[in-house]
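Participant: Quick one: this structure, given as structure tokens, is what I'll be asking you about.
The values are calculated or read from the model by the stated rules, or taken from the named source; none is laboratory data. Given the structure is predicted, the values throughout are model-derived calculations rather than measurements. Because the Cβ atoms are built from the backbone with ideal geometry, glycine has one as well, and the counts that use them run over all protein chains shown.
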């Protein structure tokens, strides 16, 4: 018998004659203190995220590309990484072409090995979607996939995140239930509350040490 099987056999033997503990979980303990009406939900999210240097803007599902252009122009940035295979990426590209924007649109369309140096050092900003947000903690829920790999939200100095107002939940528990995570937990899930920061060295707060220096969230209301 292998060491692994030997350990498992001992664990199974130890359960003989025992009774499983009843599930006495009370969901009110993790939901009632953190419940909000729709207006307060956005207000709570804004308060929590702005406290850690995140910028938030409320826009519509139609005019948000204009705000992206405005954010880039204010910082005099030269390029923007986007995912043209997504609905929002296609909408952004259409606006860029019709409005004659000078900022170059970059595409994450090749293996990282083929453009690692460019991705790490020459990309100014990125725009990605989100799975939603949690008002209680002021956290974005980002679920990277093949269209928008994790490095899109991790490497560029400026990350612009698109958040639908209808996908902001009160707390983590209600978010998990809405997305039925018990049937399939995401394999690469990110909870993001603000730009990257650390105070490991001499207790001096520094931004951008392990990710974006700036996080801008565009809350998309129905037009």
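Participant: Answer with yes or no whether residue 39 is modelled with pLDDT under 90 and either in a helix (DSSP H, G or I) or within 24 Å of residue 195 (Cα to Cα) (or both). Spell out how you get there, then give the answer.
Facilitator: Working: modelled with pLDDT under 90: yes; either in a helix (DSSP H, G or I) or within 24 Å of residue 195 (Cα to Cα) (or both): yes.
In short, yes.
Participant: Among strands (runs of 3 or more DSSP E) lying entirely in the stretch 132-220, which contain 2 or more residues that are surrounded by fewer than 20 Cβ atoms within 10 Å (Cβ to Cβ)?
Facilitator: 190-192
Participant: Another question about this same structure. From the list 155, 162, 106, 140, pick out the single residue that is within 25 Å of residue 70 (Cβ to Cβ), in contact with a strand residue (DSSP E or B) (Cβ under 9 Å, 6 or more places away or on another chain) and at pLDDT below 95. Before the answer, list the steps.
Facilitator: Working: 162 fails: at pLDDT below 95; 106 fails: at pLDDT below 95; 140 fails: at pLDDT below 95.
Answer to the selection: 155.
Participant: Of 6, 37, which residue is over 30 Å from residue 173 (Cα atoms) and without any contact (Cβ under 8 Å) to a residue 12 or more places away in the chain? Give the steps one after another, and end with the answer.
Facilitator: Working: 37 fails: over 30 Å from residue 173 (Cα atoms).
Exactly one of 6, 37 is over 30 Å from residue 173 (Cα atoms) and without any contact (Cβ under 8 Å) to a residue 12 or more places away in the chain, namely 6.
Participant: Right, another one. Can you run down the residue pairs with Cβ atoms below 7 Å, 6 or more apart or on separate chains, where the first is in the stretch 132-161 and at positive phi and the partner is in a loop (DSSP other than H, G, I, E, B)?
Facilitator: 138/193
Participant: Select, from 171, 188, the only residue that is at pLDDT below 90 and in contact with a helix residue (DSSP H, G or I) (Cβ under 9 Å, 6 or more places away or on another chain).
Facilitator: Sole residue among the options that is at pLDDT below 90 and in contact with a helix residue (DSSP H, G or I) (Cβ under 9 Å, 6 or more places away or on another chain): 188.
Participant: Could I ask something else about it? Taking the stretch 47-59 as the region of interest, how many residues are assigned to a helix (DSSP H, G or I) and surrounded by fewer than 18 Cβ atoms within 10 Å (Cβ to Cβ)? Let's see the steps before the verdict.
Facilitator: Just the residues of the stretch 47-59 that are assigned to a helix (DSSP H, G or I), to begin with: 47-50.
Now restrict to residues that are surrounded by fewer than 18 Cβ atoms within 10 Å (Cβ to Cβ): 47, 50.
Number of matching residues: 2.
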